[in-house]
Amino acid sequence: MKQGIWQEFDGYNDIVREIEATRKYRENIIPDKYLTKPFIERLHPPKMDLRITEVIEESSTTKTFRLVSDDHYLPPFLAGQYITLYLTIGNIRTGRPYSISSSPNQTGYYDITVRRVENGLVSNHLLDEVTTGDVIETSGPSGNFYHNPLVHEKTMVCIAGGSGITPFMSMIREIAESGLDRTVFLFYGNKNQEDVIFHDELVRLSLTHANITYTPVIEEPLEDYDGTCGFITGAVVSEISGDHAGKTYFLCGPRGLYDFCLPELEKLGVPQRKTRREMYGPPLGITDYPGWPAKIKAEDRFTVSVKGKRSFQAKAGESLLTALENNGILVPSLCRSGECSMCRVKILSGSVYQPAGTMVRKSDRKHGYVHSCVSFPLEDLEVLV
């Protein structure tokens with residue numbers, strides 16, 4: 001037998017003897033071939049049933065839901081990741097991702113913080129109907145919006161808008177609790193003071209930790225407000241955090257935040273490779289996006305035929321995933337932002353609009369697959385689910 005370098009490792013001969021002994025007294029030394037799957041699923045479960053043990057009022061429009069597992073085990077996560085909640089509301093089975101706002105050091109529960117969205121099917125259901133003791137089916141932790149010490153700088157400039165604060169809350173709590181060698185400049189934009197979530201805790205953490213700087217930015221403040229007002233401009237960011245050298249920029253919030261702040265960072269000379277932005281749900285007001293055909297209105301309706309199933313009418317202004325769910329056709333989904341690719345369907349005929357930058361694999365594009373969460377019908381469609 002050819003000599004391998006592994007045979008020079010300490011303990012190699014002991015392991016060989018153990019294997020030989022095991023082979024002598026057991027029929028098969030190879031562990032159960034299915035052992036790998038339960039081990040992986042313990043870390044990355046596709047589904048979990050979590051019970052709500054506490055509902056915390058954060059503001060008039062926002063609540064934090066504390067979720068625990070009845071078997072007292074929750075898989076670990078990275079600060080910034082999310083779980084998807086799967087709910088049946090009326091006749092509609094759907095899911096929504098929510099960033100975990102609690103620290104990853106807290107292994108007993110996950111907190112998710114939900115703000116009411118105007119006409120929001122899921123946010124309104126959670127805030128108005130769900131209470132302590134209810135059990136909700138969720139995904140395991142997922143997502144790529146987190147600090148990677150191998151790639152990102154130690155100094156983070158975090159720009160949040162509205163409920164986009166939630167992943168940053170988890171990151172900041174972890175930094176404070178663990179004494180991580182990381183510096184954070186947090187800029188948190190809201191329309192008015194009442195909308196600010198976690199304000200008291202953020203003030204306390206910034207006063208007690210020199211490496212955490214918190215700057216709330218209020219668009220329409222009361223007369224006596226003496227903090228930073230208006231929008232999170234490049235001037236505000238550079239005045240407080242300095243130049244962009246040695247920093248990585250993280251953004252999370254509604255579309256307007258990206259539309260305004262990304263050009264502001266560009267003016268400061270921040271390279272695109274130094275910015276990370278969290279996916280923030282399906283695009284709203286899709287007809288305002290560049291490239292949307294002017295002749296098609298949001299309320300226009302087209303026939304969607306699902307091969308082997310049935311047909312229904314769908315609005316041009318609602319995503320294909322939402323239309324499928326609203327008509328009782330369940331499609332696996334996770335991020336609902338065009339990133340995870342769980343909700344792919346194949347377009348057999350017809351065409352859809354996909355916003356610029358939608359990440360579709362080359363092979364998917366070649367064979368007609370789209371992410372249904374960010375695809376909008378432009379004509380009658382036949383799809384394969």
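The values are calculated or read from the model by the stated rules, or taken from the named source; none is laboratory data. Just so it is clear, the structure is predicted and the values come from calculations on it, not from any experiment. Positions of Cβ are generated from backbone atoms using ideal geometry, with glycine treated the same way; all protein chains shown enter the neighbour counts. For the accessible areas, the whole protein counts, side chains as well, though only heavy atoms, and no ligand, DNA or RNA atoms are used. Shrake-Rupley method; radii C 1.70, N 1.55, O 1.52, S 1.80 Å.
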(message) When the residues of the stretch 274-297 are narrowed to those that are under 26 Å from residue 84 (Cβ atoms) and exposed (fewer than 15 other Cβ atoms within 10 Å of the Cβ), which ends up modelled with the highest pLDDT?
(response) 285
(message) For a quick check of your reading of the model, give me the residue pairs whose first member lies in the stretch 176-201 and is under 14 Å from residue 62 (Cα atoms), whose second is among the hydroxyl-bearing types (Ser, Thr, Tyr) and part of a strand (DSSP E or B), with beta-carbon atoms closer than 6 Å and at least 6 apart or on different chains.
(response) 197/62
(request) Being open to solvent by 30 Å² or more (accessible area, probe 1.4 Å), in a strand (DSSP E or B) and more than 19 Å from residue 253 (Cα to Cα) is the filter here, so list the residues in the stretch 87-108 that pass it. (result) 88, 92, 93
(request) Provide a single number: the residues in the stretch 164-196 that are β-branched (Val, Ile, Thr) and buried (at least 24 other Cβ atoms within 10 Å of the Cβ). (result) 4
(message) Within the stretch 40-55, take every residue that is loosely packed, with under 15 Cβ neighbours inside 10 Å and among the hydrophobic types (A, V, I, L, M, F, W, C) and give me the one that is nearest to residue 85 (Cα to Cα).
(response) 43
(message) Can you find, within the stretch 204-252, the residue that is nearest to residue 172 (Cα to Cα) among those that are touching a residue at least 60 places away in the same chain (Cβ under 8 Å) and among the aromatic types (Phe, Trp, Tyr)?
(response) 250
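Which residues, counting only those in the stretch 363-382, are surrounded by 21 or more Cβ atoms within 10 Å (Cβ to Cβ), touching a Leu at 6+ places or on another chain (Cβ under 6 Å) and not in a helix (DSSP H, G or I)?
So in the stretch 363-382, the residues surrounded by 21 or more Cβ atoms within 10 Å (Cβ to Cβ) come out as 370-377, 381.
Subsequent filtering for residues that are touching a Leu at 6+ places or on another chain (Cβ under 6 Å) retains 372-373, 375.
375, the sole residue that qualifies.
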(request) Name every residue in the stretch 109-123 that is of a type outside the set (D, E, K, R) and open to solvent by 40 Å² or more (accessible area, probe 1.4 Å), in order of residue number. (result) 109, 117, 119, 121
(request) Would you mention how many residues in the stretch 221-253 are within 14 Å of residue 161 (Cα to Cα) and either open to solvent by 60 Å² or more (accessible area, probe 1.4 Å) or of a type in the set (D, E, K, R) (or both)? (result) 2
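Quick one: which of 230, 256, 246 is small (Gly, Ala, Ser) and within 24 Å of the chain's Cα centre (by Cα)? Lay out the reasoning, then the answer.
Details: 230 fails: within 24 Å of the chain's Cα centre (by Cα); 246 fails: within 24 Å of the chain's Cα centre (by Cα).
Of 230, 256, 246, the one residue that is small (Gly, Ala, Ser) and within 24 Å of the chain's Cα centre (by Cα) is 256.
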(request) Report whether or not residue 161 is open to solvent by less than 40 Å² (accessible area, probe 1.4 Å), within 18 Å of residue 99 (Cα to Cα) and small (Gly, Ala, Ser). (result) yes
(request) Look at residue 360 and say whether it is within 14 Å of residue 383 (Cβ to Cβ) and buried (at least 16 other Cβ atoms within 10 Å of the Cβ). (result) no
(request) Search the stretch 136-150 for residues being touching a residue at least 40 places away in the same chain (Cβ under 8 Å) and under 20 Å from residue 244 (Cβ atoms), and hand back the single one that is least open to solvent (accessible area, probe 1.4 Å). (result) 145
(message) Anything in the stretch 62-97 that is under 30 Å from residue 193 (Cα atoms), touching a Phe, Trp or Tyr at 6+ places or on another chain (Cβ under 7 Å), modelled with pLDDT of 95 or more and not polar (S, T, N, Q)? List them, or say none.
(response) 66, 67, 78, 79, 80, 82, 83, 85
(request) Name the residue, out of 341, 372, that is in contact (Cβ under 8 Å) with a residue 40 or more places away in the chain and of a type outside the set (A, V, I, L, M, F, W, C). (result) 372
(request) Within the stretch 309-327, identify whether any single residue is of a type in the set (Ser, Thr, Tyr) and more than 21 Å from residue 95 (Cβ to Cβ), and answer yes or no. (result) yes
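Has the stretch 340-359 got at least one residue that is among the charged types (D, E, K, R), out of contact with any strand residue (DSSP E or B) (no Cβ under 8 Å at 6 or more places or on another chain) and not in a loop (DSSP other than H, G, I, E, B)? Spell out the reasoning first.
At the first step, the residues of the stretch 340-359 found to be among the charged types (D, E, K, R) are 344, 346.
If we keep only those that are out of contact with any strand residue (DSSP E or B) (no Cβ under 8 Å at 6 or more places or on another chain) too, we end up with none.
Within the stretch 340-359, none of the residues are among the charged types (D, E, K, R), out of contact with any strand residue (DSSP E or B) (no Cβ under 8 Å at 6 or more places or on another chain) and not in a loop (DSSP other than H, G, I, E, B).
Name the residue, out of 194, 174, 201, 137, that is among the acidic types (Asp, Glu), under 23 Å from residue 114 (Cβ atoms), modelled with pLDDT under 95 and out of contact with any Gly (no Cβ under 8 Å at 6 or more places or on another chain).
Details: 174 fails: modelled with pLDDT under 95; 201 fails: modelled with pLDDT under 95; 137 fails: modelled with pLDDT under 95.
It is 194.
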